[in-house]
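Since the structure comes first, as structure tokens, the remarks are kept for the end.
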Amino acid sequence: RRCVQETGVEWARDKFGKIFTQKPQALLKLAEEFLCQGGQQSENTSVQEQQTLRQAIKMLKKRPKTFQDCIIWARLKYQKYFVNDVRQLIYTYPLDILTKDGAPFWSLPKRPPNELQFRSNDELDCYFVTTAACLYAKIFGIEIPQNARQKETMQEIAKKAEDVIVAEFQPSDQKAKTINEEVSKEQQKAQESVKEEDDKVGNQNDLESVSYTHLTLPTIYSVQISVVAVSLKKK
């Protein structure tokens, strides 16, 4: 049910990098600029860096003050990744939706995701909220509980996370539009990739055909000439 596949690992690595590496680094960079350049942003900042800086500022505004705040943050992240995002995707692409060709959209290799329900007695759920809360606390220098890796402590943290009130999911048409655009881009890339592979195969076949023609025709002509020459000698 929770088998970790390559796509899931890549997704997790991307999320981890953005939350616990890129955004904190952007915060440090922002602080250094204010100290060294009097609050002026560097002219060499790329569009991607500007976006990361804006996310870092947003992160700073919502910074936690206690470890309980970190637990709440971790629980809401669980809700977003494993419940709300799944519901939004199914809202955008219902299970019975068809493609333009009339084929089911949710057919292999695509599989519809299943949302999860947070349970404090679930080992993975417990590990997720504990680890996420501790890492988030470390970013802001908040003291984490002693023996946070012990099972009993993790269960206590998970029970506190279970008491967090989460808002009811509301589907977003704007997010659905964004998802549609991303899926269309991915499908276009896939089609272009297939076309490139077909072109390569076609070119290879053409080369093999040309090579075969140039190698065999002279041989055939040579054999024919030899046969004719032998026949003339016999006469």
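Figures for the structure shown
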{"quantity": "Among Phe128, Ile142, Pro109 - extreme Cα towards positive end, dipole of region 77-205, charges at beta-carbon", "calculated": "Ile142"}
{"quantity": "Region 69-103 and region 137-164: distance between their alpha carbon centers, rounded to Å", "calculated": "26"}
{"quantity": "Candidates per trypsin sites (Lys or Arg not before Pro) in region 47-153, loop by DSSP, up to 15 other Cβ within 10 Å", "calculated": "Lys62, Lys65, Lys100, Lys110, Arg119, Arg149"}
{"quantity": "Förster radius 35 Å - calculated FRET efficiency between Tyr91 and Tyr127 (Cβ-Cβ, nearest 0.05)", "calculated": "0.75"}
{"quantity": "Violating pairs (Cα-Cα greater than 29 angstrom) within the set Lys138/Lys185; Lys61/Lys175; Lys23/Lys100", "calculated": "Lys138/Lys185; Lys23/Lys100"}
{"quantity": "Label-zone membership for region 77-115, site Gln188, 7 angstrom Cα→C-beta point, backbone N under 16 Å", "calculated": "none"}
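No lab work stands behind these numbers, since they all come straight from the coordinates. Predicted, not measured: the structure shown is a model, and the values here were computed from it. Neighbour counts are summed over all protein chains in view; Cβ atoms, including those assigned to glycine, are modelled from backbone coordinates with ideal geometry.
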